[in-house]
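One structure is given below, encoded as structure tokens.
The values are calculated or read from the model by the stated rules, or taken from the named source; none is laboratory data. None of the values given here were measured: they were computed from a predicted structure. All Cβ positions, glycine included, derive from the backbone under ideal geometry; neighbour counts span all protein chains shown. These area figures cover heavy atoms from the full protein model, side chains too; ligands, DNA and RNA do not enter into them. Shrake-Rupley method; radii C 1.70, N 1.55, O 1.52, S 1.80 Å.
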Amino acid sequence: MSRNGSILKSIDWLTVGLFLLMSVFGLLNIYGATYDFEHTDFFALSTRSGKQILWILISLFIGSIVMLIDSKTYDILAYIIYVLWIGVLFVTPFLTHDIKGSYSWLVIGPFQMQPAEFAKCFTALALAKYMSRYEYKIRDLKDLIVPFLMIALPIFIIMVMQKETGSALVFLAFFFMFYREGMTGYVLLIGAAAIFFFIIVIRLSVVPLPFGTGMAGMLIAMLLIMLVELYFLFFIIKRRKEALILGGGILVAYGICCLLLIWFNVNFDIASTIIAFMSVLYLAGLFLVWRHKEFVFLLLFSLLSIVYCQSCDWVFNNLLKPHQRARIELLLGLVDDPSGIGYNVNQAKIAISSGGFWGKGFMKGTQTKLSFVPEQSTDFIFCTVGEEWGFVGCFLVLIVYLIFILRIIYIAERQKDRFSRIYAYCVASVFFMHLAINIGMVIGILPVIGIPLPFYSYGGSSMLCSSLMLFILLRLDASRVEKMK
């Protein structure tokens, strides 16, 4: 009894309060989004609100069990649970059928469970276990090989075998944790550059240059790569004379290409790629002379960026599925299809904007009531918030969620052991990724990939997994308080 009392005193009740606040408000919006005159019972299990109440109660029960388990258990069993769940992910496509184009749902009686949701929690535990070893430190990229593979394995199974792109992308959130643990910012630079170059090449590949000299996408991408080279040479490596020589050489090369236009039809797509390769050769020569380690990163970044940009168009047209290409084309403004692939986002924007500043009032949203917004109680629950509670409601939802994430980061920073801190940052990163992607796709700045908003969206798998992740964190934090007494 004294042990249970000690745990109760050690729990971070502010985080629990935020969890309950979000869950209850999410429940109200689920009821508001699915309410109709034939099904008015808030608690009936035949309604989504009734089922969500059940999921919340089960989550609280699981949370209570989690809090009673010794905190060391999660460290001891981390690898075992991870391996077992990788097995569950692997067999899932063979045990289920096509549900909305994916094979990621296990049907258990009247319930459906998505193992990919729970894989995030177990991967976080495994990462925390591996990276909390006494001898482990992120000194170089080679130290990230095993953690990267631990993330890549569930991503591969979920994306390739289960055909569930959205759930797989959430695992990229763990890279934020690596950065906190000492990973060089160059890795984040590479990731950001990959996204940026892809957008530039695909979006501007339809914009022709004057006089039939090619397309703007590849020209701009190659120029940006060479600008990065100049920046690193001038400001990071501080070889300013060499940077000026490189910049002058690039200008001369493009000047020659413009001059040749008088007699020949120069393709600037090809010419820019050749000039970029010449700049790489110049950097290789500088490396042989100066042997500066920063040149290694710059050489690899430039060379891989050139190859990557050249392959973007092929990847876009041959590897992505038609619906994925359509969503990206819609996001980049290459197509306008408000009644087809863009219907969801278009209706979501209408619903949110119709709420105005104060909203139409609880259960008075016409866009959601008349089912103009698909999936308004799951992935597009934020539309219900916007329509019924207005700008004020949206603002408060975001503020509460951000406070919740910042509280988790605060909990992470006060941990005394690396296992708890790393796991806490994994949890914060996953919640942040869900928030960013869900809100981004609802308001039309990111593609629609089916990511729920934890504690707000309807769904048992999302609620149970999010609660499990949170309560394991609270148990680890409570253990820290217990040790201090």
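Before moving on, here are some points about what is shown:
- Against the numbered list (1) out of contact with any Gly (no Cβ under 7 Å at 6 or more places or on another chain); (2) more than 14 Å from PHE19 (Cβ to Cβ), CYS465 comes up short only at (2).
- Tallying residues that are within 26 Å of ILE138 (Cα to Cα) and exposed (fewer than 14 other Cβ atoms within 10 Å of the Cβ) within region 187-230 yields 4.
- Selection of first residues in region 264-281 that are over 15 Å from GLN310 (Cβ atoms) and of second residues that are among the small types (Gly, Ala, Ser) and surrounded by fewer than 14 Cβ atoms within 10 Å (Cβ to Cβ), restricted to Cβ pairs under 8 Å at least 6 apart or on distinct chains, gives the following pairs, ordered by first then second residue: ASN265/GLY212.
- Within the set ILE30, ILE65, ILE53, the sole residue that is crowded, with 19+ Cβ neighbours inside 10 Å, under 22 Å from PRO454 (Cα atoms) and over 27 Å from the mean Cα position of the chain (by Cα) turns out to be ILE53.
- Matching residues, region 147-161, being at pLDDT 95 or above, open to solvent by 10 Å² or more (accessible area, probe 1.4 Å) and either in contact with a Ser or Thr (Cβ under 8 Å, 6 or more places away or on another chain) or over 27 Å from PRO454 (Cα atoms) (or both): MET150
- Counting only residues that are part of a helix (DSSP H, G or I) and either open to solvent by 10 Å² or more (accessible area, probe 1.4 Å) or over 19 Å from HIS434 (Cα atoms) (or both), region 364-381 holds 4 of them.
- Residue in region 171-182 that is assigned to a loop (DSSP other than H, G, I, E, B) and surrounded by fewer than 16 Cβ atoms within 10 Å (Cβ to Cβ) present: yes
- Boolean, ILE80 is open to solvent by 80 Å² or more (accessible area, probe 1.4 Å), of a type in the set (Val, Ile, Thr) and at negative phi: yes
- Residue in region 160-169 that is in contact (Cβ under 8 Å) with a residue 24 or more places away in the chain, touching a Pro at 6+ places or on another chain (Cβ under 7 Å) and either within 13 Å of LYS120 (Cα to Cα) or in a helix (DSSP H, G or I) (or both) present: yes
- Any hit, region 382-398, residues being without any contact (Cβ under 8 Å) to a residue 12 or more places away in the chain, out of contact with any Lys or Arg (no Cβ under 9 Å at 6 or more places or on another chain) and farther than 24 Å from LYS163 by Cβ: yes
- All positions within region 346-373 that are modelled with pLDDT of 85 or more and at positive phi: GLY356, GLY359, GLY361
- Qualifying residue in region 130-140 (condition: part of a helix (DSSP H, G or I) and at pLDDT 95 or above): yes
Yes or no, residue by residue, for (1) outside any helix (DSSP H, G or I); (2) farther than 12 Å from ALA33 by Cα; (3) open to solvent by 10 Å² or more (accessible area, probe 1.4 Å):
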residue: PHE362; (1), (2), (3): yes, no, yes
residue: CYS383; (1), (2), (3): no, no, no
residue: GLY390; (1), (2), (3): no, yes, no
residue: VAL397; (1), (2), (3): no, yes, no
residue: ILE409; (1), (2), (3): no, yes, yes
residue: GLN415; (1), (2), (3): yes, yes, yes
residue: ARG421; (1), (2), (3): no, yes, yes
residue: PRO447; (1), (2), (3): yes, yes, yes
residue: PRO454; (1), (2), (3): yes, yes, no
